[in-house]
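The values are calculated or read from the model by the stated rules, or taken from the named source; none is laboratory data. Remember, it's a predicted structure, so these values are computed and weren't measured experimentally. Don't worry about glycine lacking a Cβ; one is built from the backbone with ideal geometry, like all the others, and counts go over all protein chains shown. For accessibility, only protein heavy atoms count, side chains too; no ligands or nucleic acids. Shrake-Rupley method; radii C 1.70, N 1.55, O 1.52, S 1.80 Å.
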Amino acid sequence: MKIVTCVKAIAEERGCFFATGEQISSSIGAARRECVCIYDVTQTMSSSLAGAAPLAVYADHLEIVTCIAPHPTDPACFFSGSKDSTIRCWDSRVEHSVAFLGGSNAPAGAKSHAGMITCLDACGYHVISAGLDQQILLWDVRQLRQSSGIQAPAGVVPLEQQAILKIAALEGGKGMLVAVSSVKGLFLLRLSDQKVVRAQLPSNRPNFLPYHDVKWSSEGLWAAGEDRTLDLFQILPE
């Protein structure tokens, strides 16, 4: 049996692939493994995901896998975040995680965040992460060329008293702009000066209903709400 916890398309030189977070068990009531799996899109199109065989299964995370993001520059690699508060980097050519964000070789007890990681995104040379510890962390993936981990984030932006649900990063002429959906609203973070501003919500939308997904497009920022609405914010980077 398996329960899919997250899904993300990943760039791959060999074809079209996607990665999932899954809870896998041999039967009802049996112990579950928290896994990251890779699938070939062409193989799953002819069958359901439940019956598809993954190309690779990784079981390095200790708790549920909550989010996945592609590597911003290496098509063979991608990242995953977990309830175990760690972020790991995977290489589809290797049978285990190849890097850990927060220390080299994932030392015992090391964490990437102080709480569960809820979301990841990639932009430029960076991976951006956020979670229940109310912080947005910026990781420079160029540091992975010299070691099997990144010791510390390149930037830390607190969002006080607000657990973060989802982020979406976009590179603009004046630097990176990050849309941040929290339990208290929608915000925009400009990383060049770490300025955070609240987005103006539609007049008919209650402030207490959060957005559970955000995505940039050429039209602006799309946000999917808990009330099943889809809003478009016409915000473009400077």
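One table, with the values for the structure above:
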read-out: Highest-fluctuation residue, E171, E22, E63 considered, GNM on the chain with Cα pairs under 10 Å; value: E171
read-out: Label-point gap, in nm, between D227 and V197 - each point 7 angstrom along Cα→Cβ; value: 2.5 nm
read-out: Candidates T73, T20, T86, ranked by Gaussian network fluctuation over the chain, Cα under 10 Å, top entry; value: T73
read-out: Dipole magnitude of the chain about its Cα centre (Cβ charges: Lys, Arg +1; Asp, Glu -1), debye to nearest 20; value: 240 debye
read-out: Unit charges on C-beta of K, R, D, E only; dipole of region 171-237, Debye; value: 220 debye
read-out: Rounded accessible area per residue of the chain, 1.4 Å, Å²; value: 50 Å²
read-out: Hits among lysines - C-alpha to C-alpha of K215 under 18 Å, sequence gap 8 or more where chains match; value: K8, K166
read-out: Carbon and sulfur %, accessible surface of the chain computed with the full protein complex present, 1.4 Å; value: 52 percent
read-out: Local net charge near Q162, Cβ-Cβ under 15 Å (Lys/Arg +1, Asp/Glu -1); value: +1
read-out: Value of relative contact order over region 128-238, rounded to a whole percent, pairs C-alpha under 8 Å and six or more apart; value: 18 percent
read-out: Percent of Cα-Cα distances greater than 25 Å, calculated over region 84-232; value: 31 percent
read-out: Value of relative contact order over the chain, rounded to a whole percent, pairs C-alpha under 8 Å and six or more apart; value: 10 percent
